[in-house]
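The values are calculated or read from the model by the stated rules, or taken from the named source; none is laboratory data. All values reported here derive from a predicted model rather than from experimental measurement. No Cβ is skipped: glycine too gets one built from the backbone with ideal geometry, and neighbour counts run over all protein chains shown. Areas reflect the complete protein model, heavy atoms only, side chains present, ligands, DNA and RNA absent. Shrake-Rupley method; radii C 1.70, N 1.55, O 1.52, S 1.80 Å.
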Amino acid sequence: MLFILDDGMSNLNPNRNSNLNTFLYPKTSGKVEPTIADKVFNAKLQRYAQQAMYLTSLETGGKISLEDCYNTMKVMWQDLERSREYYRQG
């Protein structure tokens, strides 16, 4: 079964779809080329996210305790914050 939600506003504002498309798909990205520091920090952030996923999966599966999971993630987060400060200075 297909449901179509209508907020009742589409008839009142004919530019609504074009405004939404302009917002979602801008013609210019407005982005600057990332620096090496940005790329390194992004890699560290992705690694943190992956390790956090593994830790929460291990905790959910009963392989490690909640306290161990929390403490490990806390240390990892502190390392990530130090990295952010280091690369922000550089």
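How large is the accessible surface of Y86 in square angstrom, using a 1.4 angstrom probe and rounding to the nearest 10?
150 Å²
Evaluate E = 1/(1 + (r/R0)^6) for N21 and N71, where r is the Cβ-Cβ distance and R0 equals 35 Å; express this FRET efficiency to the nearest 0.05. Mind dumping the intermediate values first?
On the way: r = 47 Å, r/R0 = 1.34.
The calculated FRET efficiency here is 0.15.
If you add up the charges near Y87, with Lys and Arg at +1 and Asp and Glu at -1, over every other residue whose beta carbon is less than 12 angstrom from its beta carbon, what do you get?
+2
Per 0.36 nm of contour for each residue apart, how much would the distance between R82 and S57 grow if the chain were fully extended, relative to their Cα-Cα spacing? Intermediate results must be reported in sequence, preceding the final value.
On the way: separation 25, 0.36 × 25 = 9.00 nm, distance 2.55 nm.
Going from the current span to full extension adds 6.4 nm.
What lysines could a cross-link reach from K74, if we take a straight Cα to Cα line under 28 Å and drop same-chain neighbours fewer than 8 places away?
Cα-Cα hits under 28 Å: K39, K44, K63.
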